[in-house]
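Below you'll find the structure, written out as structure tokens, and then a few comments.
Coordinate-derived values only; no laboratory data. Nothing here was measured: the structure is a model prediction, and the numbers come from that model. Because the Cβ atoms are built from the backbone with ideal geometry, glycine has one as well, and the counts that use them run over all protein chains shown.
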Amino acid sequence: MNNNDFDENNEEVLRNPQGLGFKKVLVVDDIMYVVKSISRILRSNGYFVITALNGEEAIKKFDKYKPDLITIDQNLPDMTGLELAEKIKKYKEGEKVKIIFVSAVQEKGEIKTIIGSGINNYILKPFKKENLIAAVKNLIG
């Protein structure tokens, strides 16, 4: 069975993807091609991917699917990535979720604030897929 056969509409897998060897990753970005690119990279490396195009959608999907890791862009249409991360960390499951920012924000002060808020990693766009996979594997295997 190929992990590319599964998507977030597959309720059977969503109920227990770990039982099939999957770790769940929620990809949050407002740019569809970035979501598709990150999703493709993660799926090809054995991760089960759930996607969201804004913060509110991400919160709903986090609450429903309880991912192991979230990739977040700082610039979302309805809130900042940092605001999203803070809201997620208020959930019981949010205390242990790993978060990687994948963003084009280059301002050093803003990056320092993001990292200082308990974010696990920051990857600057455009990124190399090897760097993304290494960061994800380091955090959730």
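Here the chain is assigned +1 on the Cβ of each Lys and Arg and -1 on the Cβ of each Asp and Glu. Its dipole about the Cα centre then comes out at about 500 debye. When Cα extents along the principal axes in Å is computed from the coordinates, the matching label among [x] 45, 31, 26; [y] 58, 34, 24; [z] 67, 33, 27 is [x].
Add +1 for every Lys or Arg and -1 for every Asp or Glu among the other residues with Cβ under 14 Å from the Cβ of Ala135, and state the total. Can you show the working numbers first?
Details: positive: Lys23, Lys98, Lys125, Lys128, Lys129, Lys137; negative: Asp68, Glu130.
Cβ neighbours under 14 Å give a net charge of +4.
Hey, can you rank 69-80, 91-102 by average C-beta count inside 10 Å, highest first?
The densest-packed peptide leads the list: 69-80, 91-102.
Extension gain for the segment Tyr33 to Ser117, taken as residue separation times 0.36 nm less the Cα-Cα distance, is 27.5 nm to one decimal.
Computed from Cα positions, the angle between helix 55-65 and the longest principal axis of the chain comes to roughly 40 degrees. Under a 5 Å amide H cut-off, with hydrogens placed 1.01 Å from N, Ile50 pairs with Val25, Leu26, Val27 among residues at least 5 apart or on other chains. The lysines whose alpha-carbon is closer than 18 Å to the alpha-carbon of Lys64, local same-chain residues fewer than 8 away aside, are Lys23, Lys24, Lys87, Lys89, Lys90, Lys92, Lys96, Lys98.
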